[in-house]
Each structure stands twice: as structure tokens, then as C-alpha cells.
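Notes follow once the structure below has been shown.
The values are calculated or read from the model by the stated rules, or taken from the named source; none is laboratory data. Computed from a predicted structure; not experimentally measured. Quick reminder, even Gly has a Cβ in these numbers, built from the backbone with ideal geometry, and neighbours come from all protein chains shown. Protein only, heavy atoms only, side chains kept; ligands, DNA and RNA dropped before computing areas. Shrake-Rupley method; radii C 1.70, N 1.55, O 1.52, S 1.80 Å.
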Amino acid sequence: MFSKIQTCAFMGIKTSLVSVEVMISAGLPKFAIVGLPDKAISEARERITSAFLSMGLALPPKKIIVNLAPADVLKEGSHFDLPIALAILGALDIVPSEEVANYLVMGELSLSGHIKPVNGILPAAIGAKDAGLGIICPAAQAGEALWSGNENSLGANTLSEIVNHFKGSQLIARAVMPSAFDVKHSVDMRDIKGQNQARRALEIAAVGCHHMLMIGPPGVGKSMLASRLPTILPPMNAKEMLELSVINSVAGMKMEEGLCISRPFRAPHHTASQASLTGGGMHAKPGEASLAHNGVLFLDELPEFYTASLDSLRQPLENGEITIARANAHITYPAKFQLVAAMNPCKCGHFGNPNKACASAPLCALKYQNRISGPMYDRIDLVVEVENLNPWELNTIEPSEDSATIRARVIRAREFEMERLRRHFGTDGLLNAGLSGKQIEESANMSPDAHSMLIKAAEKFGLSARGYYKIMRIARTVADMRFSDSLDTPDVSEALMFRRKVG
């Protein structure tokens, strides 16, 4: 009495097949699970026994051995409940094991036999498709599985539904994939009054995918500006949606229609630990940086973050991924996000205001801003000072452009930028912020006057090599926004406006 069913284990967003083997033989009654199961899997026998009783079945008084192969790989998670239960039913000839063997099975069982949602359905469905298998999963996640392109997906509410399906007495209805999406935002750029320089910086950041820092006193609208950046970014394409959805699926995040359709905006508190930002913990889950993949990571009160936590973001800011090192494995998560940070000019927040500034200015501002390491500052492209508006300005300023108008302009500029880089490098998907120093030099097409201005600025301000190329990337984005193939002195001049001015 032997049966074998496929499920999977996770290594980050990657999956590896795990065979659930069940042998029922004569001997003293025993139910053992071997193959390095964690505590959640070891407790599965109690949930499976109760689920069988709810169906009117009882485990035979025999020796039941469940082996999770390969036996030298640690298995974690409650999604092993359903494959173990179906493998036992196959060994008992209650379901045809040769048919169930064509599926990868995932699901947690309740005591009543209902199948609960589990993490990782989307990457599991992708892995099943690559292995030539269908997937059996909780009904609530059947739509999520379909986004993998695996059309052989079955979503069941209870264990008895699966039994009846394979017996042919009651077939499970196939899930239907939504045909279109309507991405809606609850905020809009029209809500911002004034702040023309900050709005311009946001638009430049959106076109070139640049990182940005806003410095200004409390209450001037830094958080409002940051929260509206996703509303002017181009919509995600299918590949970006799938990448983000896989990360969210592994993290156990709830997704609309089983897929992430809008760009994420993650705003962790400044007390966030290094593991919460970059990922880690007992099960090496993705952190805020990975959950912000293809979207925005907003760090408010930047100097208040732990120095180690901030510096841990230097790797993903540079190469768009995070590697979590463990004794037995290295797990890599994508983390290609736009960093938008905000901070007060000093601890009290009123540096530069003669009516409110403290007596220790400007030393307090230098000390406060220098909590951020130089290498971290070097990775931020745009630094903009957000000024306070007086009540008269708040009441008289006309409403500004809405997000839809700005987004249309951003999309046109990005298309020009990507087409220009495609012609030069023959590669799709490149943006100015992601170009290496060599690439931006080759593709910038700077006029002699613009190049001379940049050289003089680098000497005057003592720019590092990274800072030099950062100014060149921003200037190139400004040129793309006016649909120009050549980079001229006004572009360099505007780029130099957005450099760090204090500290």
C-alpha cells in the first residue's frame, strides 16, 4: 500500500519539488512523518486524522510512514497537510494515486476538512508548470495560481471535494482569470499646493527611476508628496506584476484578484529593524525593500533609522536585489525599488527659520544630517528642500496638475528614454538611474559646454565618481523630458540644483 504525491519547499521565491511518499504496512498502529519536518508538519497528523473523521473515514490500525524526500532538506510550513492527506488516501485506494500524481499539491487542513490558504501559491504554480504538473490548491487561491500560466489548476474548499472530483461524482469548477484591471489611487497630485520644485523633482524621479530625499520643516507636505509618487509612475507591465506577486505570495500578503496590479508604496516606521527592512527572521521572509519591488520605499525621518538598518539598503540600491545569508543557504530576493526619503533639517525641525531655530544652529543641523553615512547619501540622486507655505499662499494658490496629466507626461518621456537606450545598447527595459558609469558616458551625448560645466562643478563641490555620474544621469533624464537626444548646459544646471546643500 504505497502512494507518492508532489509538493514543494521554498528557498526564497524559488521552489524545489518534494515527494510525499506514504507506505501503509502491517504492524503496531503508528503515524510517523520523517524527512526533516518542522513543528507545523509534525502536527499535521492530528489535523489529518480529524479531517478524515469529518469525512466519515478512520485511519487503519496499521503502520503509516510518511517520507518527505529529499530527506536531507528541511521542510517548513503547513502547506504539507493536503499532500500528505491525499497521499494517504491514494495508498488506501480511495483516490486514484496515478492521477493525483500529475499535480503539485498545497494546502493546510482544518479539523473539519476545509482547506485553508497558504503562502507561496504563485511561485509553486510556476514551479509546477516548469515540471509539467498541474496544481491543487485552496479554492480562495485558485485565481492566483492561474496567473502562473498553469491552466491545469484545481481549487477546492474541502478535502471531500477533491475526493469526489477524482472519483468523478462531482467535478470541481475551474477558476476564471479576470480579463482587465482598473488601478485606482486614493490620493492625487492635485492635493499638493505650491511646492513647484518638489513636484518637479518627483517628476524627474518618476521618469528616470531616481532615488530622492526631501528636507524640510515638519508639516510642509513631505509625506504627502512621497505618497503621490506611485500615482504618476507608469502602470506595471505583466512581467513586473508577476515578479511582485511572487514576492507577496511568499510573504503571505493579500492580493487583489490574486495578482498585484498597482505599484507598492511601503512606509516602515523609523524603529524598523535591519531584518524587517531587508528580510530575514526564522523563515528568511522578504523584507520591506523586497515588498517595495517595482514600487516606492518611503523612509520618513531618515536620520532616526538605525545606522545599520540604513546601510543594509546600500546593496539593493546598487544592484536591485538582497541576499540573505544563512548557514545552510543563501536566499536572494528581488528589491528593485525607488527610495524616497524625508527628514527635518535638524532635530528640532526649524533650522533656517529665524523665528524658531534653536541657539545651536547651524551645528545642530550638521550633526543631525550627518547621522546618515556618506555612502548612503551618495546613493541618493535628488535632494530637494521643501519650503513652508504661509497661510496666504495656501488660500490663493490655484489647484495644481492632477496625477493623470503628469503620469501621461512621464509615460511619454520614459518611452523616449527607453527607445533611445534601446537604440544605443540593443537592450530593453533600461532606465537612466540603472546605467553604469560607462553606460551613461557612452549614451549621454553631452555637448562640450555641458561637459565643461559638469567638470567644473565636480571640482568645485568635490564630487565623488558616483556623485559625478549621478549628476550626469539626472541631467540626461531632464534632457529626455524635453525629448532631446543631446544633453546641454540647462540640463546640467538643473541637475546641480538637486544636490546636497547642507552637511
Post the alpha-carbon centroid distance, region 449-488 to region 48-66, in whole angstrom. 71 Å
Most packed first (mean Cβ within 10 Å per residue), the peptides 307-316, 165-174 order as 307-316, 165-174
Place +1 on the Cβ of every Lys and Arg and -1 on the Cβ of every Asp and Glu in the chain, take the dipole about the Cα centre, and give the residue among SER403, ALA433, GLN6 whose Cα lies farthest towards its positive end. ALA433
Can you list the residues, at least 5 places off or on another chain, whose amide H is less than 5 Å from the amide H of MET11, using H built in the peptide plane? SER16
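What do you get for trypsin sites (Lys or Arg not before Pro) in region 187-265 restricted to DSSP loop and a cutoff of at most 10 other Cβ within 10 Å of the site's Cβ?
Answer by residue number: LYS254.
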Counting Lys +1, Arg +1, Asp -1, Glu -1, what net charge surrounds MET23 among other residues with beta carbon under 12 Å of its beta carbon? +3
Let me spell out the model: positive unit charges on the Cβ of Lys and Arg, negative unit charges on the Cβ of Asp and Glu, origin at the Cα centre of region 411-455. What dipole size does that give, in debye rounded to 20? 100 debye
When the helix-only estimate is applied to the chain (DSSP H runs of n ≥ 4, each -39,500 (n - 2.57), divided by the residue count), what is the mean residue ellipticity at 222 nm, nearest 500 deg cm²/dmol? -11000 deg cm²/dmol
Contour minus Cα-Cα distance for ASN102 and ALA32 (0.36 nm per residue): 22.7 nm
What length, rounded to one decimal in nm, is gained on full extension from SER110 through to LEU171, with 0.36 nm per residue of separation minus their alpha-carbon distance? 19.8 nm
A correct Karplus calculation of ³J(HN,Hα) over region 410-419, with 6.51 cos²θ - 1.76 cosθ + 1.60, θ = phi - 60°, whole Hz and x for Gly and Pro, returns 5, 4, 5, 5, 5, 4, 4, 4, 5, 5
Give me the percent of DSSP beta bridges within the chain that run antiparallel, rounded to the nearest 5. 50 percent
Using the per-residue mean of other Cβ atoms lying within 10 Å as a proxy for protection, in what order, highest first, do the peptides 31-39, 72-80 fall? 72-80, 31-39
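Please give me the summed charge of the neighbours of GLU304: other residues whose Cβ is under 11 Å from its Cβ, Lys and Arg +1, Asp and Glu -1. Intermediate values should be presented prior to the final figure.
On the way: positive: LYS347, ARG371; negative: ASP300, GLU301.
Local charge sum for GLU304: 0.
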Set of aspartates and glutamates near LYS184 by C-alpha distance (under 17 Å), chain-local residues within fewer than 8 positions excluded: GLU256, GLU257, ASP402
Taking all protein chains in place and a 1.4 Å probe, what share, in percent, of the accessible surface of region 183-291 do carbon and sulfur account for? 53 percent
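About the Cα centre of region 227-354, how large is the charge dipole given +1 on each Lys and Arg Cβ and -1 on each Asp and Glu Cβ? Please answer in debye to the nearest 20.
Roughly 60 debye, rounded to the nearest 20.
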Starting from the amide H of LEU382, placed 1.01 Å from N in the peptide plane, find each other amide H under 5 Å away whose residue is 5 or more places distant or on another chain. HIS211, MET212, LEU213
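What does the charge add up to near ASP38, with Lys and Arg as +1, Asp and Glu as -1, over the other residues with Cβ less than 9 Å from its Cβ? Show your work: numbers first, answer last.
Values: positive: LYS39, LYS75; negative: GLU76.
Summing Lys/Arg as +1 and Asp/Glu as -1 gives +1.
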Would you work out the relative contact order for region 70-204, in percent, from Cα pairs under 8 angstrom that are 6 or more residues apart? 18 percent
So GLU387 and ASP93, fully extended at 0.36 nm per residue minus their Cα-Cα distance, gain in nm 98.4 nm
Distance from region 222-236 to region 94-148 (C-alpha centre basis), Å: 36 Å
How would you rank 282-294, 479-491, highest first, on the average number of other Cβ atoms within 10 Å across their residues? 282-294, 479-491
How would region 364-433 be classified by its alpha-carbon gyration tensor: rounded, prolate or oblate, with rounded meaning a/c under 1.5 and the a/b versus b/c comparison settling the rest? oblate
Determine ³J(HN,Hα), in whole Hz, for all residues of region 269-285 in sequence, where each value follows from phi through the Karplus function 6.51 cos²θ - 1.76 cosθ + 1.60 and θ = phi - 60°; x replaces Gly and Pro. 6, 5, 8, 4, 7, 4, 5, 6, 7, 9, x, x, x, 4, 9, 6, 6
With the cut-off at 30 Å, tell me which of the pairs LYS75/LYS129; LYS222/LYS254; LYS129/LYS470; LYS14/LYS62; LYS30/LYS167 have Cα atoms farther apart than that. LYS129/LYS470; LYS14/LYS62
Let me check against my output: what whole-number percent is the relative contact order of the chain, with C-alpha pairs under 8 Å and at least 6 apart? 13 percent
In sequence order, what are the phi-derived ³J(HN,Hα) couplings for region 227-243 according to the Karplus relation 6.51 cos²θ - 1.76 cosθ + 1.60 with θ = phi - 60°, rounded to whole Hz, with x for glycine and proline? 5, 9, 4, x, 6, 10, 7, x, x, 5, 7, 4, 5, 5, 4, 5, 4
Near the amide H of LEU487, under 5 Å away, which other amide H atoms are found, from residues 5 or more places off or on another chain, if H is placed in the peptide plane? MET446, SER447
